[in-house]
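The values are calculated or read from the model by the stated rules, or taken from the named source; none is laboratory data. Nothing here was measured: the structure is a model prediction, and the numbers come from that model. In this analysis, Cβ positions are derived from the backbone assuming ideal geometry, glycine residues included, and neighbour counts consider all displayed protein chains. Note: areas computed on protein heavy atoms with side chains; ligands, DNA, RNA excluded. Shrake-Rupley method; radii C 1.70, N 1.55, O 1.52, S 1.80 Å.
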Amino acid sequence: MSEQIPLPAKSDFGLPQVAIDGQALARFTIEMLIQLRDFEERFLQPRQHPRVSFGHARGANRRPR
């Protein structure tokens with residue numbers, strides 16, 4: 001396994017502390033899910049796999065060596 005990198009002992013004073021608002025986070029999550037569902041409805045196309053005959057699937061059409 002790789003060695004763990006030790007974290008700095010002091011915190012970075014360059015960035016202010018951020019308070020997490022639970023209601024804002026829930027609202028953001030709901031809005032992102034709505035946008036993702038809308039995106040999938042407009043642009044998602046299910047894959048269409050080609051049909052493979054039984055002989056091709058087993059490799060029966062290969063010539064012997």
Go through region 25-65 and report how many residues are surrounded by fewer than 10 Cβ atoms within 10 Å (Cβ to Cβ), of a type in the set (G, A, S) and either assigned to a loop (DSSP other than H, G, I, E, B) or modelled with pLDDT of 70 or more (or both).
3
Residues of region 10-24 classified as open to solvent by less than 100 Å² (accessible area, probe 1.4 Å) and at pLDDT below 90, total:
3
